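Colleague: I have a structure here, written as structure tokens, and I will follow up with some questions on it.
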Amino acid sequence: MDNAVRKVYVDNAATTAVSEEVLSAMLPFFKEIYGNPSSLYQLGQEAKAPLEAARATVAECLGAKPQEIYFTSCGSESDNWAIKGAARAQRRKQGKTHIITSAFEHHAVLHTCQALEKEGFSVTYLPVHQDGMVRVEELEAAITENTALVTIMYANNEIGTIQPIGEIGRVCKEHGVLFHTDAVQAIGNVHIDVKAQNIDMLSLSGHKIHAPKGVGALYIRSGVAIDTFLDGGAQERGRRAGTENVAEIVGLATAMKRATETVDERIARLTPMREKLIDGVLKIERSRLNGSREHRLPGNVSFCFQGVEGESLLLLLDMKGISASSGSACTSGSLDPSHVLLSIGLPHEVAHGSLRISFGDYNTMEDVDYILEVLPTIIERLRNMSPLWDAIQTGKVNYDSYM
Ligand SMILES: *Cc1c(COP(=O)(O)O)cnc(C)c1O
């Protein structure tokens, strides 16, 4: 179809397409090698070997040992298990009831911490600065004798900033505090070595790296005390019950291997795309890049456009074939702007006009050119209908410091 709208999927931070390589690796486990890995007969054992090979692969990608990798149903489950499991074990064994996290974590972490507050834990939500970074000094200052756990995300899903994980790991180790990181967005974009970075627990998810939805993993360093999350059978060394999702675990490992082996290539390919997009978009008046330009994922950018409403922007982009996302939480039926954008100090009105573009392995420079071609007209169109834009133009409101 010649006149078909060009399709540009740039919401890879929300989810990614399953790659051909991952799909072919998974297929045999649906119809041929369908045995239960816990069964002793041959069909079961045929599934057991690839399961353990997948564990070894994921471990190798992180610099961990195979017995330190636990498969889960998603990144959210990994976060829940790490934080609840370790916090409760710390309280029981050492009487510690304090947790440190940051204000801009994924909800899988934030809501988990809030749930623990109801169980009597106290939680410090470290501020995130304008550059989208937590400060290691502030983290260190927040640690007390009572601190059971620090949980800080490796890279933020909304604005793409990468946190100083190695330094945080060192500080936690010095103070004898457990350190968990949600690395769901970081996998494939940074070099991770859990031992060198002193990471005690790390969460990851399949569907952000071209594996399917519904599979994840949690690295738990040997010796970390953590409660069981799902009671039942003896799977995952008795710590996470449930018959293993062998096909998707194999898919996850295949995607992890590819993502990890190609980190440098990915950085080299996506960074120029990101930089061109930033340069092009910032030519639009009263636009801003959210978070540090330097410490960010190669394929993740977040902008705000004053006098623009994020949801309308997404709808007009969609009509041009572009699937992107906004930082605002409109999908949850709430008019509150994203907690991430508020955490970096943006006023509600500015945070409301946000746009996140996140590249994956299938995006190209042509996608960037297409976005730069259609975006300015859409912004202008929306501003022409916006009372807020009028107010900005006539100086009734002033957001000059948020450009
Ligand atoms: C997507 C995401 C999650 C949740 O992973 P699921 O597999 O969708 O549960 C957690 N943390 C971050 C940073 C994410 O981007």
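Colleague: Step by step: first the residues of region 89-121, then only those that are in contact with a Leu (Cβ under 7 Å, 6 or more places away or on another chain) and open to solvent by 10 Å² or more (accessible area, probe 1.4 Å), then the one that is nearest to SER338 (Cα to Cα). Which residue is that?
Modeller: For region 89-121, the residue satisfying everything is ALA103.
Colleague: Right, next: Quick check on my filter: what residues within region 144-168 are open to solvent by 10 Å² or more (accessible area, probe 1.4 Å), in contact with a strand residue (DSSP E or B) (Cβ under 7 Å, 6 or more places away or on another chain) and away from the ligand (no atom under 14 Å from the Cβ)?
Modeller: THR144, ASN146
Colleague: Is region 28-43 home to any residue that is within 16 Å of the ligand (Cβ to nearest atom) and outside any loop (DSSP other than H, G, I, E, B)? Spell out how you get there, then give the answer.
Modeller: If we filter region 28-43 for residues that are within 16 Å of the ligand (Cβ to nearest atom), which is where we start, we get none.
No, there is no match, as no residue in region 28-43 is within 16 Å of the ligand (Cβ to nearest atom) and outside any loop (DSSP other than H, G, I, E, B).
Colleague: It is to be established whether one or more residues within region 87-101 are assigned to a helix (DSSP H, G or I), over 16 Å from THR181 (Cβ atoms), hydroxyl-bearing (Ser, Thr, Tyr) and in contact (Cβ under 8 Å) with a residue 24 or more places away in the chain. Outline the logic, then answer.
Modeller: Going residue by residue through region 87-101, those that are assigned to a helix (DSSP H, G or I) are 87-94.
From what's left, over 16 Å from THR181 (Cβ atoms): 88-94.
Going one step further and asking which of them are hydroxyl-bearing (Ser, Thr, Tyr), we end up with none.
Scanning region 87-101, I find no residue that is assigned to a helix (DSSP H, G or I), over 16 Å from THR181 (Cβ atoms), hydroxyl-bearing (Ser, Thr, Tyr) and in contact (Cβ under 8 Å) with a residue 24 or more places away in the chain, so the answer is no.
Colleague: Which residue is surrounded by the most Cβ atoms within 10 Å (Cβ to Cβ), if the candidates are limited to region 214-228 and must be over 16 Å from the mean Cα position of the chain (by Cα) and outside any strand (DSSP E or B)?
Modeller: Here the residue is ILE226.
Colleague: Give just the number: which of (1) open to solvent by 40 Å² or more (accessible area, probe 1.4 Å); (2) without any contact (Cβ under 8 Å) to a residue 24 or more places away in the chain does ASP131 not satisfy?
Modeller: (2)
Colleague: Hey, another quick one. Could you list, in sequence order, the residues of region 294-327 that are among the basic types (Lys, Arg) and either touching a strand residue (DSSP E or B) at 6+ places or on another chain (Cβ under 7 Å) or part of a strand (DSSP E or B) (or both)?
Modeller: Matches in region 294-327: ARG296 only.
Colleague: Here is a follow-up. Test VAL123 against the stated conditions and say whether it is within 16 Å of the ligand (Cβ to nearest atom), among the hydrophobic types (A, V, I, L, M, F, W, C) and without any contact (Cβ under 8 Å) to a residue 40 or more places away in the chain. Reasoning before the result, please.
Modeller: Numbers: within 16 Å of the ligand (Cβ to nearest atom): no; among the hydrophobic types (A, V, I, L, M, F, W, C): yes; without any contact (Cβ under 8 Å) to a residue 40 or more places away in the chain: yes.
Criteria not met by VAL123.
Colleague: I've got another one for you. Only residues that are out of contact with any Gly (no Cβ under 8 Å at 6 or more places or on another chain) and aromatic (Phe, Trp, Tyr): list them for region 290-311, please.
Modeller: PHE303
Colleague: Could you grab me the full set of residues in region 27-42 that are among the hydrophobic types (A, V, I, L, M, F, W, C) and either open to solvent by less than 40 Å² (accessible area, probe 1.4 Å) or at pLDDT 95 or above (or both)? So that I can check it myself, show each step before the final result.
Modeller: Filtering region 27-42 for residues among the hydrophobic types (A, V, I, L, M, F, W, C) gives 27, 29-30, 33, 40.
Listed by number, the residues that qualify are LEU27, PHE29, PHE30, ILE33.
Colleague: Residues being in contact (Cβ under 8 Å) with a residue 60 or more places away in the chain, in a helix (DSSP H, G or I) and either open to solvent by 30 Å² or more (accessible area, probe 1.4 Å) or within 16 Å of the ligand (Cβ to nearest atom) (or both): count how many of those fall in region 63-75.
Modeller: In the first step, residues of region 63-75 are kept if they are in contact (Cβ under 8 Å) with a residue 60 or more places away in the chain; the result is 63-65, 67-75.
Adding the requirement that they be in a helix (DSSP H, G or I) leaves 67-68, 75.
Retained after the next criterion (residues that are either open to solvent by 30 Å² or more (accessible area, probe 1.4 Å) or within 16 Å of the ligand (Cβ to nearest atom) (or both)): 67, 75.
Of the residues in that region, 2 qualify.
Colleague: Also: Return the residues of region 85-106 that are within 15 Å of the ligand (Cβ to nearest atom) and over 23 Å from GLU248 (Cβ atoms); say none if nothing qualifies.
Modeller: Here is the first cut: in region 85-106, the residues within 15 Å of the ligand (Cβ to nearest atom) are 101-106.
Result: THR101, SER102, ALA103, PHE104, GLU105.
Colleague: Select from region 183-202 the residues that are over 21 Å from THR262 (Cβ atoms) and either free of Cβ contacts under 8 Å to residues at least 24 places away in the same chain or open to solvent by less than 10 Å² (accessible area, probe 1.4 Å) (or both) and write down the one among them that is nearest to the ligand (Cβ to nearest atom).
Modeller: Filtering region 183-202 down to residues over 21 Å from THR262 (Cβ atoms) leaves 195, 198-201.
Filter once more, keeping what is either free of Cβ contacts under 8 Å to residues at least 24 places away in the same chain or open to solvent by less than 10 Å² (accessible area, probe 1.4 Å) (or both): 199, 201.
Working: ILE199: 15, MET201: 14 Å.
The qualifying residue nearest to the ligand (Cβ to nearest atom) is MET201.
Colleague: Restricting region 352-403 to residues that are in a helix (DSSP H, G or I) and of a type in the set (S, T, N, Q), which is most open to solvent (accessible area, probe 1.4 Å)?
Modeller: Step one: of region 352-403, the residues in a helix (DSSP H, G or I) are 365-384, 387-393, 400-402.
Cutting the leftovers down to of a type in the set (S, T, N, Q) gives us 377, 384, 393, 401.
On the way: THR377: 90, ASN384: 120, GLN393: 103, SER401: 84 Å².
Checked region 352-403; the qualifying residue most open to solvent (accessible area, probe 1.4 Å) is ASN384.
Colleague: Let me ask something else. Which one of GLY233, GLY214 is within 14 Å of the ligand (Cβ to nearest atom) and in contact (Cβ under 8 Å) with a residue 60 or more places away in the chain?
Modeller: Values: GLY233 fails: within 14 Å of the ligand (Cβ to nearest atom).
Within the list GLY233, GLY214, the selection yields GLY214.
Colleague: Can you confirm whether region 262-271 contains a residue that is more than 23 Å from the chain's Cα centre (by Cα) and either among the basic types (Lys, Arg) or open to solvent by 60 Å² or more (accessible area, probe 1.4 Å) (or both)? Give the steps one after another, and end with the answer.
Modeller: Applying the first criterion (more than 23 Å from the chain's Cα centre (by Cα)) to region 262-271 yields none.
No, that holds for no residue.
Colleague: Which count do you get for residues in region 243-256 that are within 16 Å of the ligand (Cβ to nearest atom) and either more than 24 Å from the chain's Cα centre (by Cα) or open to solvent by less than 30 Å² (accessible area, probe 1.4 Å) (or both)?
Modeller: Residues that pass the stated criteria total 6.
Colleague: May I ask you to list the residues in region 1-20 that are surrounded by fewer than 14 Cβ atoms within 10 Å (Cβ to Cβ) and either within 16 Å of the ligand (Cβ to nearest atom) or not hydrophobic (A, V, I, L, M, F, W, C) (or both)? Spell out the reasoning first.
Modeller: Our first condition is that a residue be surrounded by fewer than 14 Cβ atoms within 10 Å (Cβ to Cβ); within region 1-20, this holds for 1-7, 20.
Matches in region 1-20: ASP2, ASN3, ARG6, LYS7, GLU20.
Colleague: Pick from SER326, SER334, SER358: which is modelled with pLDDT of 95 or more and of a type in the set (S, T, N, Q)? First the steps, then the outcome.
Modeller: Numbers: SER326 fails: modelled with pLDDT of 95 or more; SER334 fails: modelled with pLDDT of 95 or more.
Of the residues listed, the single one that is modelled with pLDDT of 95 or more and of a type in the set (S, T, N, Q) is SER358.
The values are calculated or read from the model by the stated rules, or taken from the named source; none is laboratory data. As the structure is a prediction and not an experimental result, all values here were calculated from the model. Every residue, glycine among them, receives a Cβ derived from its backbone with ideal geometry; neighbour counts consider all protein chains shown. Just so you know, the surface numbers come from the protein's heavy atoms only, side chains and all, with ligands and any DNA or RNA stripped out. Shrake-Rupley method; radii C 1.70, N 1.55, O 1.52, S 1.80 Å.
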